[in-house]
Amino acid sequence: MIPTIPTPDEILDKGFSRGKKAADLLRTQKIPKHLKGKKLEERRVVTACQVIKDKLKSILDAVPEIEELHPFYQDYIDITVGVDSMKQALGALNWAYGILAQLEREYSNKFKRNPSERASSIQREAYGRIASVVNKIEKDLDFLDFAKASLRNMPTIDFDATTIVIAGFPNVGKSTLLRQLSGADPQVANYPFTTKGIQIGHTERHWKSIQFIDTPGLLDRPVLDMNDIEMNAIVALEHLADAILFIFDGSETCGFHLENQYNLLKQIEKIFSEIPIIYLFNKMDIEQDEEYINQFIDNPENTLFISAMDGEGIDKINEKIDKIKKIDRTPDDVDEEELDYY
C-alpha cells in the first residue's frame, strides 16, 4: 500500500547525483564556449528537480485514494495511523512537488537570462532552495515510513465472501474455534489479548465462500474507551459481519464472570442490531453449573453448547452458518449502472 519511503538526504543525494551525471554527459557535447557553463548548470538543476519530483510522485501514485477504499480499510487506517495525519503527510509531498516544479521553471529561465560566469552561483542558490523544500517535509516522510510499518500487516479481506465474526472476551476460545471452523492456525495461548490484530480463516461450504474473522478481545466498556486493538474488532463487526458468533465461557476460566460476558453481548446487540448473532457456550468439556448458565440465555433456539478444544458442536455451528445470507451493504444512492461499471 505504501512504498519504501526515503529520507530527505537520500532523496537529495539521488537528485544531485543524477544532476551531476546529466551535466557530465552534456559536457562531452560541442557547445559554444560562452554558453557551455550555464547550459551545464541548467541541466544539473533541471535534472535534479525532475528526479526528486519523480520520486515524490511515485510515492503519491502508489498510495491509493483513502476515500476510494472499502469503509473497513478507511476505518482501519484511521485507527492505526490516523486518516487526517495520512492526508496531511501526502499533502505535504504534493506541496513539495509543486514548489520543485516552480523552481525548475524559475531557474531554467534564470540561467538563460544570465551569463555563464554566474552559472555556478545560480546553481548553488538553486540547490540550496531545493534542499530547503525537501527538508521541510522530513516529518511527513517520517510519518509515511511509520505508516508503512504500521499497515504492513493490514488484513486482506474478501468482501465477496460471507463473513462470520467471532466475538467475545479474551481466552473464551475464539482462536481455537477459528482453527476448528477453517483450518487456520492463529496463535492460541492462555494469556489475555493473545490474538493480536485480526486473524482470518477461510473455508467453502456448498460452493459458498465463508470467511471467519477472529477479533481481538472486546472488553466490557464503552466503545470510546476502547484501545486500538479493541477498535479493530469494532471495525470488523461494523463493516464486515454477516453474522456474529458470540462465545461465552460458562466455566469462567477465562477470568471474566458470565455477568460481564452477558453485558458485553448486550452492548454488541445494541450497536449492531441488524446483524444476526449465534450464541455459543464454550468449554463444555469443563464441568459447569447448568442452572447458573441458563440465567444468561435469552434465545435458547439460537444457542449452542460446544467444546472448541475437542471439536464438539462444530457440525451444529456449520448448520447454522449454512443458513446465513450475505448482507447487502450497497448504498441506497448507487444505481445499477454504477454497479455494472465496477
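The values are calculated or read from the model by the stated rules, or taken from the named source; none is laboratory data. Remember, it's a predicted structure, so these values are computed and weren't measured experimentally. Cβ atoms come from the backbone with ideal geometry, glycine included; neighbour counts cover every protein chain shown. Heavy atoms of the whole protein, side chains included, go into the accessibility calculation; ligands, DNA and RNA do not. Shrake-Rupley method; radii C 1.70, N 1.55, O 1.52, S 1.80 Å.
Scanning region 304-326 for residues that are part of a helix (DSSP H, G or I) and either under 13 Å from Q180 (Cα atoms) or of a type in the set (S, T, Y) (or both) turns up I314, D315, K316, I317, N318. From the list A48, A23, A89, A119, which residue is touching a Phe, Trp or Tyr at 6+ places or on another chain (Cβ under 9 Å) and at pLDDT below 95? Unique residue meeting the criteria: A119.
Between R105, R27, which is in contact (Cβ under 8 Å) with a residue 12 or more places away in the chain and in the same structural domain as R124 (by TED's automatic domain parsing)?
R27
To keep it simple, each residue is scored yes or no on (1) under 17 Å from the mean Cα position of the chain (by Cα); (2) modelled with pLDDT of 95 or more.
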| residue | (1), (2) |
| --- | --- |
| A126 | no, yes |
| R129 | no, yes |
| N135 | no, yes |
| E138 | no, yes |
| F143 | yes, yes |
| D160 | no, no |
| V172 | no, no |
| S175 | no, no |
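Please specify each residue of region 253-278 satisfying the condition of being crowded, with 20+ Cβ neighbours inside 10 Å and not hydrophobic (A, V, I, L, M, F, W, C). The answer is Q261, and nothing else. What do you reckon, is E301 in a helix (DSSP H, G or I), assigned by TED's automatic domain parsing to the domain that holds M226 and not hydroxyl-bearing (S, T, Y)? Yes: the conditions hold for E301. Taking region 14-45, which residues are within 37 Å of the chain's Cα centre (by Cα) and open to solvent by 30 Å² or more (accessible area, probe 1.4 Å)? K14, F16, S17, R18, listed by residue number. Sub-8 Å Cβ pairs linking a first residue in region 79-94 that is within 12 Å of S150 (Cα to Cα) to a second residue that is among the acidic types (D, E) and in a helix (DSSP H, G or I), at least 6 apart or interchain, are I79/D228; T80/D228, ordered by first then second residue. For F72, the requirement of being aromatic (F, W, Y), modelled with pLDDT under 90 and open to solvent by less than 70 Å² (accessible area, probe 1.4 Å) is met.
Among the residues of region 291-304, write down those that are within 19 Å of T253 (Cβ to Cβ) and either open to solvent by 90 Å² or more (accessible area, probe 1.4 Å) or among the charged types (D, E, K, R) (or both). Hits for region 291-304 are E291, Q295. Taking each residue of region 300-321 that is hydroxyl-bearing (S, T, Y) and looking for partners that are assigned to a loop (DSSP other than H, G, I, E, B) and surrounded by 13 or more Cβ atoms within 10 Å (Cβ to Cβ) with beta-carbon atoms closer than 7 Å, six or more apart or interchain, yields T303/I297; S307/K283; S307/M284; S307/D285; S307/G313. It is to be established whether one or more residues within region 273-284 are in a loop (DSSP other than H, G, I, E, B), touching an Asp or Glu at 6+ places or on another chain (Cβ under 7 Å), in contact (Cβ under 8 Å) with a residue 60 or more places away in the chain and not assigned by TED's automatic domain parsing to the domain that holds F72. Checked against the condition, which is being in a loop (DSSP other than H, G, I, E, B), touching an Asp or Glu at 6+ places or on another chain (Cβ under 7 Å), in contact (Cβ under 8 Å) with a residue 60 or more places away in the chain and not assigned by TED's automatic domain parsing to the domain that holds F72, region 273-284 yields at least one hit. Considering each residue of region 188-208 in turn, at least one proves to be among the hydroxyl-bearing types (S, T, Y), at pLDDT 85 or above, more than 28 Å from L60 (Cβ to Cβ) and open to solvent by 30 Å² or more (accessible area, probe 1.4 Å).
Residues in region 47-65 that are under 11 Å from L90 (Cβ atoms) and surrounded by 17 or more Cβ atoms within 10 Å (Cβ to Cβ): how many? The qualifying residues number 3.
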